[in-house]
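A short reminder: the numbers here are calculations on the coordinates, not readings from a lab. This one's a predicted model, so the numbers in the text were calculated from it and none came from an experiment. Here the Cβ positions follow ideal geometry from the backbone for every residue, glycine too, while neighbour counts run over all protein chains shown.
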Amino acid sequence: MDNMRFLLAASGFLIITGAIAVTILRARESAHRQPIAWCYVRDGPLELVRKAVSRRTSSLRLGRGALVPVLKTESKKGQALAMVRVTDLAALNTVEGWVDSNKAEIVPIDRFLSDAEVLDQLDIELPNGSAPASAAVARWLVKQGNSGVALVCFVASFGLPDSRLAAFLPVGGKFVRGPWLDFPFSEMKPGILTGEVRDLLGDGVECLITQEPFREGPETLGINLVIRRLEGGNFSLLWKAPLESRNLGFFPPQVQKLQPLEKNAGAPGTVTKGEVEFEPRGKIYIPVWKATVEFFAAGQDEPVDSVKVTKACPWNGSAFEPIR
C-alpha cells in the first residue's frame, strides 16, 4: 500500500512538473517570437481575446491609435485573425491575444522603429546589460495634419529611475527623435497606465489622452486623465482632471462643501472618483468631467457625506477650461 501511495504521488509530481515545463517552454517560445508586422487600431476600441490558464477566454481592449506588434496571422472559419503582443503598462509585462485584423490596419514591420531602435535613439541604457525585450514599450500613432504621423512611444522598466514619453517625427522617410517627457515611478507604477488618440479639435492634429498616477504625500494620491498634443516641437498640456483622488492625510473639524462643487475634488478629507466623456461642440469635442466626491471624518471608514459634480470644459483657444 505504501509503495502504491508513493507511485501515485510520484506520478502526480511528474505530471505537475511536466505541465510546468511545457508552460515555461511555451512562455520562452512566445518571448522569442519575432514580430512580422504592426497592427494599427485606427478607430477602436479593438477587442483582444486571450487564453487564460484555465483555458477560458478573457478580453482586453486596445485603445484608438494603438500600434502593437503582430506575431502571426491566420484565418479561422473565414475570419482573418492576428496574434498581437500588447504592453500592459500597469504591470510592465506583455500580453498576447487575437484580434480581428479586418477591424485594424496591418502595416509592414519595417515601417516603424523596433524596441531596440527606440531605446537607441533615446539613449536609454538598461541596467546590468538587460536586453531591449526587458523594457516595456507602448506605441501610438498620432496624426499631425498635413505634417504626417508622429510615432509616440512610452518606455518604462523597473530597472530605470524614470519612464519616458517620446515623439518620433517623420523626416526623409524615417522617424527621428523629437520632444520627450520624463516621469518618475509612483508606487512601482510607471508614469502612464493607458493611452488613446483622438482628434478633439477637428483640425487633423490628434491628441494623446493618458491616465497617469500621481502621489503628493503619504495619503494624497490618485490617477489623472491628461490630454496633450504636439505643438511647436513640444508636448503641450491641454487639460487634466482626476479619475481617482484620495486626500486623507488631514481632516477638517467639520465637513466643508466648497462652491463651485468641483473645488471639493482633492480637498483634505475627501475621496474622488470620476470619469470623462467627450461631447461635440461644433467640430470640437470637449471633455465633460463627472465625479462623486466623498467626505470623510477622522477615524471613520465610511463617508459622512458626498456630492455629485458634472463640469463641461469648453475650448478657450489654447486649452480646455480647467476643472478648478
Model label zone, Phe278; criterion: amide N under 15 Å from point 7 Å along Cα-to-beta-carbon; scope segment 195-221: 195-211
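Using a Förster radius of 30 Å, what is the FRET efficiency between Lys308 and Arg61 based on their Cβ-Cβ separation? Nearest 0.05, please.
Once the sixth-power term is evaluated, E becomes 0.65.
Under the 0.36 nm per residue contour assumption, what length would be gained going from the current alpha-carbon distance of Val49 and Glu216 to full extension?
Numbers: separation 167, 0.36 × 167 = 60.12 nm, distance 3.69 nm.
Length difference between fully extended and current span is 56.4 nm.
Could you give the length gained on full extension between Gln79 and Asp123, defined as 0.36 nm per residue of separation minus the Cα-Cα distance, in nm?
Values: separation 44, 0.36 × 44 = 15.84 nm, distance 4.16 nm.
Extra length from Gln79 to Asp123 when fully extended: 11.7 nm.
How much length would be gained if the chain were fully extended between Glu321 and Gln254, taking 0.36 nm per residue of separation minus their Cα-Cα distance, in nm to one decimal?
Values: separation 67, 0.36 × 67 = 24.12 nm, distance 3.03 nm.
Gain on stretching Glu321 to Gln254: 21.1 nm.
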Student exercise, segment 196-301 dipole from Lys, Arg, Asp, Glu Cβ charges, in Debye to nearest 20: 240 debye
Distant-in-sequence amide H partners of Ala297 (H built 1.01 Å from N, under 5 Å): Val304
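Take the cross-link list Lys283/Lys311; Lys189/Lys263; Lys143/Lys311; Lys257/Lys290; Lys103/Lys240; Lys257/Lys283 and give me the ones stretching past 24 Å between alpha-carbons. Can you show the working numbers first?
Details: Lys283/Lys311 20 Å; Lys189/Lys263 27 Å; Lys143/Lys311 28 Å; Lys257/Lys290 17 Å; Lys103/Lys240 31 Å; Lys257/Lys283 36 Å.
From Lys283/Lys311; Lys189/Lys263; Lys143/Lys311; Lys257/Lys290; Lys103/Lys240; Lys257/Lys283, over 24 Å: Lys189/Lys263; Lys143/Lys311; Lys103/Lys240; Lys257/Lys283.
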Efficiency of FRET from Cβ geometry, Ala298 and Val107, R₀ 56 Å, rounded to 0.05: 0.50
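Counting other beta carbons within 10 Å of each Cβ, put Tyr40, Tyr285 in order, fewest first.
Least crowded to most crowded, the residues run Tyr285, Tyr40.
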Sorted by Cβ neighbour density within 10 Å, fewest at the top, the residues Ile106, Ile192: Ile106, Ile192
Alpha-carbon centroid distance for the pair segment 158-215 / segment 232-287, whole angstrom: 21 Å
